[in-house]
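Here, each number is a calculation from the coordinates, and none is a lab measurement. Since we're looking at a predicted model, the values are computed, not measured. Cβ placement follows ideal geometry from the backbone for every residue including glycine, while neighbour counts extend to all protein chains displayed.
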């Protein structure tokens, strides 16, 4: 039997004040938080690379702090996507990719390019894209992403479009409707459902209960790695959501 892809669940970043009391052990220094976090979940989405530029020594440090098998997903710098003419982003793209991200080695996961809501065109190649405008929910967008094997981010969000078309060699999902009122960010039933979807994706299939831009086209059935991040709403409990999901998919 063909082995399924690897499922990794995590959260956005590792520095968040409420986590000092809820997630991290008492009296753990800030300097040791990354090392601790990377041993609780198998992946983290780094949001800081969207707002700021980092140099190679920082990426080397992140790589050294994390254990073998851990993967960072980096959010691409905003100067690439937040511009009037996306076709002029080449220099910014080159600057970002040449900043030292390769120093992460095998701990470098997908790069997420997030477009602001008013953007209606553009595509970053060989990466994952999160679009925030309903104009993208058309078969043509899914076909373009599929042509270049770019993963469309599935966003579980109250406002932005949800697009579950499988267009790349991996799956990238951002779960953004959690709550701090739930110990594990999402309700148990919802976590069960997301665990089932993650397993389906890892096996190379597509969940039948999620909306797609092009439901008439099926992706080839083949194992895919799956990245699931608990983001935004319910952030205080996001690490626990990631750990709860991992228990469900590995148990």
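Shape of region 1-81 from its Cα gyration tensor (a ≥ b ≥ c, root eigenvalues): rounded if a/c is under 1.5, otherwise prolate when a/b > b/c, or oblate?
oblate
Starting from the Kirkwood Rh over alpha-carbon pairs, what translational D in µm² s⁻¹ does region 7-250 have by Stokes-Einstein at 25 °C and 0.890 mPa s?
Answer from the Stokes-Einstein relation: 134 µm²/s.
Which value, in Å to one decimal place, does the Kirkwood hydrodynamic radius take for region 131-251 when every pair of different Cα atoms is included?
For region 131-251, inverting the mean 1/r across all distinct Cα pairs yields 14.7 Å.
Mind sorting 62, 113 by how few other Cβ atoms lie within 10 Å of their own Cβ, fewest first?
62, 113
When only C-alpha pairs under 8 Å and at least 6 residues apart count, what is the relative contact order of the chain, in percent?
23 percent
Between region 28-86 and region 181-251, how far is it from one alpha carbon centroid to the other, in angstrom?
Going from one Cα centre to the other spans 21 Å.
With runs of 4+ DSSP H residues as the only contributors, calculate the mean residue ellipticity of the chain at 222 nm using -39,500 (n - 2.57) per run, divided by the residue total and rounded to the nearest 500.
Result for the chain, helices only: -7500 deg cm²/dmol.
Starting from the Cα of residue 102, step 7 Å along the direction of its Cβ; do the same at residue 180; then give the gap between the two resulting points in nm.
According to this spin-label approximation, the distance is 4.2 nm.
Using just the alpha carbons, could you tell me how many Å³ per residue the convex hull of region 19-59 encloses?
95 Å³
Using 0.36 nm per residue, how much length does the chain from residue 61 to residue 29 gain when fully extended, once their Cα-Cα distance is taken away?
In short, 9.9 nm is gained.
Starting from the Cα-Cα distance between residue 216 and residue 53, subtract it from 0.36 nm times their residue separation and give me the gain in nm to one decimal.
Fully extending the segment from residue 216 to residue 53 adds 54.6 nm.
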